[in-house]
Ligand SMILES: Cc1cc2nc3c(=O)[nH]c(=O)nc-3n(C[C@H](O)[C@H](O)[C@H](O)COP(=O)(O)OP(=O)(O)OC[C@H]3O[C@@H](n4cnc5c(N)ncnc54)[C@H](O)[C@@H]3O)c2cc1C
């Protein structure tokens, strides 16, 4: 049976020792936020995830959601768990106090999202989408809409969705057909069908607030004619009570590979009453607020799944006895050595450990900058943090979910044939991890976003928010002999990234296929360099604390960093070569040559 323990020691290391919580306290509103307060919240969050959500993970996967006559029922125990989630106040953690939120940093809710995702990835999708809808409405809604809807969304009594996808359009939303007809009273009637809508219908909340993109009669074809509407499942009276059922109904739910306890719905909008959010025709750009928040959340979901896969693979590798160490028995009193003695098993475990811990640093670095971008008083600091988030969002989303799948697969491999058997739990993590690479924009689209939008953004100003600190770090530490084995590989990999960036900037403007062909490799190269930089920062901290009572913990950090530098970072060489090979090998290949023959 799998188990889960929230990795509080590592979270604390990253938050307090690598980055420092003073960063948060320097922001207006958080001056009095003490480490002890954050510890207490995270301790409680850990208990909730370990004791309430984790036990429902496998049963939820086995049972899945039920659909009957338009009604969706979540698996046994989910309703009670959601009620506890709301009663304790988890839904309002980082929401605006004006609407009943607790006003805590987004960094704290990001850490909580990692824990929920490890414990129960399906469950995580309900609050994740509701939070995205909250951010969208808070940023773009009128005062009237905000006052009417946000308090119940913040309180968790009402859920939220993001309704973009239609059967003929997923990536290319400009093709959408859902119509919004203006009414004399200023509302709209929405008609159309959306598919794959996460938590479109369920029994966890009394109302569901759908954020729907649609085209008004005067909306031009393509994304420029799209507007955004709030469409509640139940209409809301002026006093906030629930009114008549709106014309937004669930036609069916999907039967999926993973996250089976998350309801994925086909939603019919049949002259459903909707309210315009933001300006007409700004639907797509406004929706990006929600997508950016959700993309970061999906990356964090990947981190959570990689973490639980590692925890269970590690426990199994220490327990399972097979064969003897290549250099002679390590545990002669046992009938065989535990598989952790074998180099190949250690390769898998260390890959999981290094990438998880690197991803955690990457995620929390981004989350801290998100808080800075929202709360910093100084406009320059705010802009810099906003730029950094723009740059890192596709990297966190794509790299953390790509690695989640890779690590969940390694987790299965460590278990051998037993990893393939349902009751051992590992195959569920693999299935649950697969969706992260697809939804909120496929990872191919994230890579295109990085290379096509983020690199040129602000004339290079945006990319400089990463290149600047890395360059400065290398300059500062490259003559430090004690850091040479870490800073040397970072410098080499960073050089490859700079060179690849220059090459793309030179080739892509005259041939866009060059950008498209390089995108996936470039995103991975970027992420690995970011990991290398963060591992260097972690090593600096760890080296200073080797004489503390936690020597084993800090020693493990240094050794993991060494493994990363020597065994994983060299991939940047191959990635750089692939990028330099350009679009030719892909685009010169004739369509007919693919076959079939
Ligand atoms: C379980 C689940 C939950 C979901 N939840 C939601 C939700 O809550 N709300 C919502 O609106 N949607 C949701 N989706 C939809 C999801 O976001 C889309 O499936 C996804 O964006 C991809 O769209 P598509 O499936 O139509 O694939 P397509 O757009 O048809 O893409 C197919 C392939 O072509 C590639 N491709 C397409 N265009 C390009 C291009 N221009 N350049 C390079 N490659 C390209 C893609 O990367 C992909 O590999 C969900 C999907 C699933 C499966």
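The values are calculated or read from the model by the stated rules, or taken from the named source; none is laboratory data. Since the structure is predicted, the reported quantities are computational estimates derived from the model, not experimental observations. All Cβ positions, glycine included, derive from the backbone under ideal geometry; neighbour counts span all protein chains shown.
Quick notes
- Residue match in segment 281-290 (condition: more than 13 Å from the ligand (Cβ to nearest atom), in a loop (DSSP other than H, G, I, E, B) and either at pLDDT below 95 or under 26 Å from the mean Cα position of the chain (by Cα) (or both)): yes
- Segment 424-457, residues that are within 12 Å of the ligand (Cβ to nearest atom), within 15 Å of residue 520 (Cβ to Cβ) and not in a helix (DSSP H, G or I): 438, 441, 442
- Tally of residues being touching a residue at least 60 places away in the same chain (Cβ under 8 Å), farther than 25 Å from residue 358 by Cα and in a helix (DSSP H, G or I) across segment 14-40: 0
- Where residue 410 falls short, out of the listed (1) at pLDDT 95 or above; (2) more than 16 Å from the ligand (Cβ to nearest atom); (3) surrounded by fewer than 20 Cβ atoms within 10 Å (Cβ to Cβ); (4) farther than 19 Å from residue 533 by Cα: (3)
- Options 412, 396, 462; residue that is more than 18 Å from residue 288 (Cβ to Cβ), assigned to a helix (DSSP H, G or I) and touching a residue at least 12 places away in the same chain (Cβ under 8 Å): 412
- The test for being within 16 Å of the ligand (Cβ to nearest atom) and at pLDDT 95 or above does not hold for residue 328.
- The residue pairs whose first member lies in segment 1-13 and is under 24 Å from residue 59 (Cβ atoms), whose second member is at pLDDT below 95, and whose beta carbons are closer than 8 Å, counting only pairs six or more residues apart or on different chains, are 1/423.
- Test for residue 267: is it within 16 Å of the ligand (Cβ to nearest atom), surrounded by fewer than 21 Cβ atoms within 10 Å (Cβ to Cβ), in contact (Cβ under 8 Å) with a residue 12 or more places away in the chain and under 26 Å from the mean Cα position of the chain (by Cα): no
- Leading residue by the ranking (surrounded by the most Cβ atoms within 10 Å (Cβ to Cβ)) among those in segment 155-177 that are assigned to a strand (DSSP E or B) and within 7 Å of the ligand (Cβ to nearest atom): 163
- So residue 513, is it more than 23 Å from residue 363 (Cα to Cα) and assigned to a helix (DSSP H, G or I): yes
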